[in-house]
1. Taking all pairs of different Cα atoms in the range 291-367, averaging 1/r and flipping that mean, what Kirkwood radius in angstroms comes out?
2. Only four residue types carry charge here, +1 at the Cβ of Lys and Arg and -1 at the Cβ of Asp and Glu. Report the dipole size of the range 357-454 about the Cα centre in Debye, rounded to the nearest 20.
3. Using only alpha-carbon positions, what ratio does the radius of gyration of the range 112-200 give when scaled by 2.2 N^0.38 Å?
4. Can you give me the Cα centroid spacing of the range 218-285 and the range 169-210 in angstrom?
5. Quick one: compute the contact order of the chain, relative version, from alpha carbon pairs under 8 angstrom and 6+ residues apart, as a percent.
6. Counting only protein heavy atoms and a 1.4 Å probe, tell me what percentage of the range 357-454's accessible area is made up of carbon and sulfur.
7. Residue 142 label point, 7 Å along Cα→Cβ, cut-off 14 Å on backbone N: hits in the range 262-284?
8. With the Cα gyration tensor of the range 357-454 in hand, convert its eigenvalues to equivalent ellipsoid semi-axes via √(5λ) and list them largest first in whole Å.
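The values are calculated or read from the model by the stated rules, or taken from the named source; none is laboratory data. The structure presented is a predicted model; accordingly, all values stated were derived computationally and were not measured. Here the Cβ is made from the backbone with ideal geometry for all residues, glycine too, and neighbour counts use every protein chain on show. Areas reflect the complete protein model, heavy atoms only, side chains present, ligands, DNA and RNA absent. Shrake-Rupley method; radii C 1.70, N 1.55, O 1.52, S 1.80 Å.
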Amino acid sequence: MWGGRFAEGPSAIMREINASIPFDKALWREDIAGSRAHVAMLAAQDIVSAADAETIDAGLAAIAEEYARDGVPEDWSLEDIHMTVEARLTELIGPVAGRLHTARSRNDQVATDFRLWVRHACEESDAALARLQAALVTRAGEHSASIMPGFTHLQIAQPVTLGHHLLAYYEMFERDRSRFADARARMDQCPLGSAALAGTGFVLDRDATAAALGFAQPTRNSLDAVSDRDFALDYLMAASQCALHLSRLAEEMILWASQPFGFIKLPDSLSTGSSIMPQKRNPDAAELVRGHAGRIVGCVTALMVTMKGLPLAYSKDMQDDKPPVFEAAGLLELSLAAMTGMVADSAFNTARMRQLAEQGHATATDLADWLVRAADIPFREAHHITGAAVKRADERGVALDQLALADLQAIDARIDERVFGALSVEASVAARTSYGGTAPERVCEQVKAARERLGLE
Ligand code: ARG
């Protein structure tokens, strides 16, 4: 492609280190779409003849069919997907293929192809997140009143509803969706026509190519357009944060599936056995989601470090932008699908959850709240009285709501029998009706609102 200046060809090592075709062949659809938009614009601008443009377009369409059928051939000497397509086009239609690269460089070409790919990845992640949210909301609706222990410091804190707990993840994934949408909106500018770095002297219609490829507008600065990989970083950062949320959910599922918790039975289809211990059911899929999150964070780190020292404009280091993005996108897609299956098909042991919620004096705060409300005691004092009641319950070896009224009244005479109405786990969750609180009625409202946002009703 550049033979004119050289006396000798590249060595085998040069060819190998230079070749991106093993991974950038994944961009073949975007590359051909970009070329078709470019040649149509060149014809409309009278830069190539209508007849040549038609020949080129038909050739590109034939290549697309070929690749869809047979895959993309991998020839290192052709370096990358852009050269591979152009070489094939030359084989098919002859020297007229050489007109396609008028007013274009691989620098604006690859920036355009990659943006198209990443933009699509944002859409795929969003759709997969919506499926996971739908699973969460469905299970939350089933369990709006199922009581489980809520934890802080992994110590039993206050009773919550399982539906409320599941909806906490719904919210995280909602923020992830907004990050992907935000990334998508920011990358919605077309670099094509920026050429190598400085723009071109040909009179292009960059709005036309941008529109043909579904971009909102062309990029405004040719140097930035060919040097920028923020769009890939934006995607990876959104993916990392999403992976972090998936990892936290996976971690909880792993804990919940362990015998000491016994909250959940993961579906057979997403569990594994042991080759030696016949009784085992291991949460491998959840563990791999947790593990994959680490790799996805590694991908964003890799591209950050690749980009951080590069002068304007294009440097070949930037060819290394694709493997981390492709890797992260693949891992994220699998992780989202695995967690969706786990949420949708796990069996919750609500009896066990409720049993554990009754341990650890989880309704102690309700006693303190009752003292504030029924006896007008300042909260700090009520907290102190309740602490003494908890101590007495521990001494007696009973739960707080099993203490005799006489025991409670010995601690504070203002306590009367009405207090027992506040100390059950049901009363505790039912009382938490503040907006965003765990009360079943609040959870039902949030489930309904979420279902509406997801278009499920
Ligand atoms: N394979 C290259 C990449 O992925 C395409 C751009 C090559 N540009 C260049 N000036 N050598 O980045």
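1. 16.7 Å
2. Rounded to the nearest 20 debye, it is 360 debye.
3. 1.68
4. 27 Å
5. This gives 16 percent for the chain.
6. Reported share for carbon and sulfur atoms: 51 percent.
7. 264-268
8. Semi-axes (√(5λ), whole Å): 30, 14, 10.
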